[in-house]
Amino acid sequence: MNKQTNTLLKAIAIFVLGMVAALSANAQNASSTAVQTAKLDLSDAIELSFINGAGGTLNFTYNNATELINGKESVTQDLRVRSNKKFKVAVASSSTNFTYTGTYTVNNIIPVSTGLQVMVTANNTGGIPTLQALLGWLGLTVGGGATLLTYCNPGGNQTFTVKYKATPGILAAPGTYTTDVVFTATQM
């Protein structure tokens, strides 16, 4: 090979290598990234509500002496707790005595603690019923009330069911008696 052919072959080789390098560079995908941190600040969360048509006003109608003496039971009332921590459930009355509406001025006081009781009939909270709740009917008190369930599991559908027994007694004057029953779910 002569010098001129050798130079031409070197030039062709350099050109081919340059083209391969250029094509290789163009064949690579360009990329870029951006990073962002997602931060979740969670606080204690708890919610208590009646479900399945429960809640509202429970009406007890008494038509004879036997019903006044023995009392009447309500239909069951379903409640649900949604909590991100363990919790307990208590029940209380909004007042010491029923509020009376009527015309009688005597025998028109019914203490809530003896006139209205509550019982847990189903527990799907994973919690432990208190001794008072296990004994059956629990009289209502004012204030912090009586604990029904404790150490209940966190979750979005922790349910329990209660029913009431209202026993006004034979001495209660005719009229309408009302009180609010307050359920409280408290995180532990």
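Are any residues in the stretch 163-184 crowded, with 17+ Cβ neighbours inside 10 Å, closer than 30 Å to I46 by Cβ and polar (S, T, N, Q), and if so, which ones? Show your work before the answer.
The first filter runs over the stretch 163-184 and keeps only residues crowded, with 17+ Cβ neighbours inside 10 Å, leaving 163-168, 172, 177, 179, 181, 183.
Still in the running and closer than 30 Å to I46 by Cβ: 163-166, 179, 181, 183.
Listed by number, the list holds a single entry, T179.
With respect to the numbered conditions (1) hydrophobic (A, V, I, L, M, F, W, C); (2) assigned by TED's automatic domain parsing to the domain that holds L138; (3) part of a loop (DSSP other than H, G, I, E, B); (4) free of Cβ contacts under 8 Å to residues at least 60 places away in the same chain, which one is the sole condition not fulfilled by L40? The failed condition is (2). Check the stretch 9-23 and report whether any residue there is at pLDDT 95 or above and surrounded by 10 or more Cβ atoms within 10 Å (Cβ to Cβ). No, the stretch 9-23 contains no residue that is at pLDDT 95 or above and surrounded by 10 or more Cβ atoms within 10 Å (Cβ to Cβ).
Taken as a whole, the condition of being small (G, A, S) and free of Cβ contacts under 8 Å to residues at least 24 places away in the same chain does not apply to S83.
Of all residues in the stretch 98-147, those that are in contact (Cβ under 8 Å) with a residue 24 or more places away in the chain, of a type in the set (A, V, I, L, M), part of a loop (DSSP other than H, G, I, E, B) and surrounded by fewer than 16 Cβ atoms within 10 Å (Cβ to Cβ) total 1.
Among the candidates S83, S95, the residue that is in the same structural domain as A54 (by TED's automatic domain parsing), small (G, A, S) and surrounded by fewer than 17 Cβ atoms within 10 Å (Cβ to Cβ) is uniquely S95. For the stretch 148-158, a tally of residues being part of a strand (DSSP E or B) and either on the phi < 0 side of the Ramachandran plot or of a type in the set (A, V, I, L, M) (or both) returns 7. When N64, N84 are checked against the criterion of being at pLDDT 95 or above and over 38 Å from the mean Cα position of the chain (by Cα), a single residue qualifies: N64. Using the structure shown, decide if L68 is in contact (Cβ under 8 Å) with a residue 60 or more places away in the chain and in a strand (DSSP E or B). So L68 fails the test.
The values are calculated or read from the model by the stated rules, or taken from the named source; none is laboratory data. Please read these numbers as outputs of a predicted model, since none were measured by experiment. For neighbour counting, all protein chains shown are included, and Cβ atoms are generated from backbone atoms with ideal geometry for every residue, glycine included.
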